[in-house]
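All remarks here apply to the structure that follows.
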Amino acid sequence: MFFPEARVRVYLYGRPVDARKSYDGLYAIIRQHMEQDPISGHLFCFINRRATQVKVMYWDRSGFCLWSKRLERGRFLSTWDAVQSRETDWTGLKMLLEGIEPKRLKKRYSHLPVE
């Protein structure tokens, strides 16, 4: 089972991705288009064009992990018009995987202590 840390960052790629891409193809998107470090330990989420499949890639100290979820019915997103590449948190990812599109991109408050 996968249990991320409380402060893990989640990056959502805001453009459709070919669902056939695997480690190398997604690694290239993370480096070139998202301008992030794939071995940072953060989660990187990709959605296919029809919005029926989500892939999440991350580094877990010994190699890359890639897991996906494909819906049998329905879509993760209603439309690609409002989707943009952005950082979210673990709760935002859980909502996305359950089919809930958050309308608010900014939190009103945070329970994490300010450093």
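A few comments on the model shown:
- Test result for G63, in contact with an Asp or Glu (Cβ under 8 Å, 6 or more places away or on another chain), surrounded by fewer than 17 Cβ atoms within 10 Å (Cβ to Cβ), farther than 20 Å from E98 by Cβ and modelled with pLDDT under 95: no
- Residue that is surrounded by the fewest Cβ atoms within 10 Å (Cβ to Cβ) [pool: residues in the stretch 8-45 that are at pLDDT 90 or above and touching a Ser or Thr at 6+ places or on another chain (Cβ under 7 Å)]: M34
- Just so you know, in the stretch 79-101 the residues that are assigned to a loop (DSSP other than H, G, I, E, B) and without any contact (Cβ under 8 Å) to a residue 24 or more places away in the chain include one that is nearest to I47 (Cα to Cα), and it is T79.
- Filter result for E72 (in a loop (DSSP other than H, G, I, E, B) and at positive phi): no
- Any hit, the stretch 52-61, residues being out of contact with any Gly (no Cβ under 9 Å at 6 or more places or on another chain) and in a loop (DSSP other than H, G, I, E, B): no
The values are calculated or read from the model by the stated rules, or taken from the named source; none is laboratory data. Every value quoted in this text rests on a predicted model; they were computed, and no experiment measured them. Reconstructed Cβ throughout: ideal geometry from the backbone, glycine too, with neighbour counts over all protein chains shown.
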